[in-house]
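Enquirer: Let me begin by handing over the structure; questions about it come next.
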Amino acid sequence: MANAETSFRGYDQAALDREYNNRVKVPEAGAISERWIADGQTARRSMSCMLDIPYGEHERQKVDIFPATALKAPILAFIHGGYWHMRDRTLAHFVAPFYVAAGVNFISIGYRLCPEVTVGHAVADARDALAWIHGNAAEQFGGDPDRLFVAGHSAGGHLAAMMCSSEGAEGGVIKGGCSISGLHDLEPIRLCYLNDYLHLDESSARALSPVALARRAAAGGYKLPPLLLTVGGNEGPEYLRQRDDLAAALKAARQPVRIVDNPGTNHFTACEAFCDPSHALSEEMLRRILAPQF
């Protein structure tokens, strides 16, 4: 971790650590996580689901599938958060009922965690999971592989944004994505307390930053999938900057991006808006999935 004298955009070490310590900023974070876990348990008990489906050899390289009723339905793959070093795919199960009720196959992706592996390995796992979903959707659960979307929260938002970048799934597999409170510039992550778990260096932080990749997109002649970006309105300036810098870089590269405001929410309740039927974020995601021509 950087020393106490190091600054980033005017933050000293203590201030930068506070800016990215969401459990300190949101005292009710534990209660929110417990609610997600309980709601996920209810979803598994009450819904049809296919659990612990491997896409790789590691215990964490698995997906959980909540299939839609209709065949050839679109697919939303969701990537959980936890700052790349904690949590697992069951944390996202609470999101499944809303999307399945809307006629969308919902899949929660697991991936290997730091420090056992690097953030780069987590990116590779997300890419491999999406390739497995695309290749097996029709046979395994009757989904439409040509309508595959990806979303994620926090570290999962970073991975979702990576999957919608030039380093993401190959061959136009992803039709669109959403990053909820995602980390798009990993330089401050390298400089704050989180790097005790992640071991990023300058080179890897740059190579794994969606903002840096977006700035190269125009020169590479890429056509990227459309990306939704949202952040809790109460999250603080660094998370808002993370969103806005990626949006600006994508717009400058003439890539499709849209910001959806999420007022009055914190780092965790911002994710709940993604499955709230009354919220503009869930409405916009469903519009992208079910009527992507608009």
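Enquirer: At a 10 Å Cβ-Cβ cut-off, how would you order Met162, Met86, Met285, fewest neighbours first?
Expert: Ranked by crowding around the Cβ, least crowded first: Met86, Met285, Met162.
Enquirer: Only bridges with both residues in the chain count here: give the DSSP antiparallel percent, nearest 5.
Expert: 25 percent
Enquirer: While we're on this one: Using the alpha-carbon atoms, what tilt in degrees (0 to 90, nearest 10) does helix 119-141 show relative to the longest principal axis of the chain?
Expert: Value to nearest ten degrees: 10.
Enquirer: Work out from phi, with θ = phi - 60° and the Karplus expression 6.51 cos²θ - 1.76 cosθ + 1.60, the ³J(HN,Hα) of each residue of segment 172-177, listed in order in whole Hz, and give x for Gly and Pro.
Expert: Karplus-based 3J(HN,Hα) across segment 172-177 equals x, 5, 8, 9, x, x Hz.
Enquirer: Could you give the length gained on full extension between Glu116 and Asn136, defined as 0.36 nm per residue of separation minus the Cα-Cα distance, in nm?
Expert: 4.4 nm
Enquirer: Turning to a different aspect of this structure: Please give the length that would be gained between Thr42 and Arg258 if that part of the chain were fully extended, namely 0.36 nm times their separation in residues minus their C-alpha to C-alpha distance (nm, one decimal).
Expert: 74.5 nm
Enquirer: A follow-up question, please. Order by neighbour count: Ile79, Ile32, Ile109, fewest other Cβ atoms within 10 Å first, most last.
Expert: Ile32, Ile109, Ile79
Enquirer: Here's something else I'd like to know. Could you work out how far helix 29-46 tilts from the main Cα principal axis of the chain, as a 0 to 90 degree angle to the nearest 10?
Expert: For helix 29-46, the angle is close to 10 degrees.
Enquirer: Arrange the peptides 64-73, 146-155, 247-256 so that the one whose residues have, on average, the most other Cβ atoms within 10 Å appears first.
Expert: 146-155, 64-73, 247-256
Enquirer: Take the chain, mark every one of the GluC sites (Glu not before Pro) that falls in a DSSP loop and has at most 14 other Cβ within 10 Å, then report the longest stretch left between them, sites excluded.
Expert: After excluding every exposed loop site, the longest remaining stretch is 171-294.
Enquirer: Helix 280-290 against the longest principal axis of the chain: what's the angle in degrees, Cα atoms only, rounded to the nearest 10?
Expert: Approximately 50 degrees, to the nearest ten.
Enquirer: Moving on. Taking the Cα centre of segment 26-290 as origin and charging only Cβ (+1 Lys, Arg; -1 Asp, Glu), how large is the dipole, in debye to the nearest 20?
Expert: With Lys and Arg at +1 and Asp and Glu at -1, about 700 debye.
Bear in mind these aren't lab numbers, they're just calculated from the coordinates by the rules spelled out. Please read these numbers as outputs of a predicted model, since none were measured by experiment. Counting neighbours? That spans all protein chains shown, and the Cβs are built from the backbone with ideal geometry, glycine included.
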